[in-house]
Ligand code: BTN
C-alpha cells in the first residue's frame, strides 16, 4: 500500500475487515488516548471504537512519561466498555500485552517478552508500551469507558542517547519493519476478543513471556526501594516478590515499578 495514504489505507482495511467497529484515523493528533476519551465523553453513543494515528504530538506513557511517537510507529487506542470492576482493569493491560506479543511474533521472526506490567521487550529493549485509562461510574458500578492505548516502534526510531540503551524498534532488531496496516488489523482483531477470553488462558501466556519471574528485581514504590525475587504473577495481575529476610509482598501495578 502507498505510504502517503495512511488514513485512507487504514480506513479501507478496517472497514472491510471490521465493518461493525468504527475507526478514527489521524495524520497527526496529540494522543489517541486523549481523542478516544473525548469521543467517549461525547454523546455519540459509540460502544467500541479504534483510534489510530500516523504520528502523535503528545504521546503519553505511564506515570506521565512522554512516549516518542514519530511517523513509522503504530499508535492505536481501543475504546471499550468492559464489564469489569476497577480492581480488575489491569486485565486489559495484561490481555493487550499478550495480543501485542502474539502479533509481533506472527509478523516477524522475533519472540517478545513482557516486563511487568506494560512493557514489551525484544532483546531486553523496550519496543512497545501500553497505557490503559478509564473512568468508573461508582453509582452505576460500571466503566463509563476504558481505553487501551498501545504504541509500537515498528520502524527505526532515533532515540535520545539515554533512551537508546533501553529502547529499540522492530526494524532495527529484525532488519525489516512489518506492514503497518496488517499489524494494526491483526492487533485490533485480537483486542476485540477481550470479553470472550478466559483470564487463565492469557495469564498463562503472560507468565510464560514474563522476564521478571525467577529474577531479582528492584522494586521502586513511592516510599521505598528494595531488591526482591519475583516469584509469581497472580491471576489478578499482581506481582509476588520475596524480599531479603523472606518477606513476601504482593505488588499492585500503578504503585510500583520494577527494574531487572
Ligand atoms: C508506556 O510505555 O508507558 C505506555 C505507552 C503507551 C503509548 C500509547 S501510543 C497510543 C496511546 N496514546 C498515547 O498517548 N499513549 C498510548
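Read the figures in this text as sums done on the coordinates, not as results from a lab. Computed from a predicted model, the values in this text were never measured in an experiment. No Cβ is skipped: glycine too gets one built from the backbone with ideal geometry, and neighbour counts run over all protein chains shown.
Mind listing just one residue for me: the one in the range 24-51 that is more than 9 Å from the ligand (Cβ to nearest atom) and closer than 15 Å to residue 73 by Cβ and, of those, surrounded by the fewest Cβ atoms within 10 Å (Cβ to Cβ)?
That would be 27.
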Which one of 59, 64, 72 is in contact (Cβ under 8 Å) with a residue 12 or more places away in the chain, within 11 Å of the ligand (Cβ to nearest atom) and over 26 Å from residue 141 (Cα atoms)?
59
Somewhere in the range 97-112, is a residue more than 18 Å from the chain's Cα centre (by Cα), closer than 30 Å to residue 5 by Cβ and either surrounded by fewer than 22 Cβ atoms within 10 Å (Cβ to Cβ) or within 16 Å of the ligand (Cβ to nearest atom) (or both)?
yes
Among what's in the range 171-195 and is out of contact with any helix residue (DSSP H, G or I) (no Cβ under 7 Å at 6 or more places or on another chain) and in a loop (DSSP other than H, G, I, E, B), pick the residue that is nearest to the ligand (Cβ to nearest atom).
192
Does the range 117-130 hold any residues that are in a loop (DSSP other than H, G, I, E, B) and more than 9 Å from the ligand (Cβ to nearest atom), and which are they?
117, 123, 124
Considering only residues of the range 131-170 that are touching a residue at least 24 places away in the same chain (Cβ under 8 Å) and assigned to a helix (DSSP H, G or I), which is nearest to residue 14 (Cα to Cα)?
170
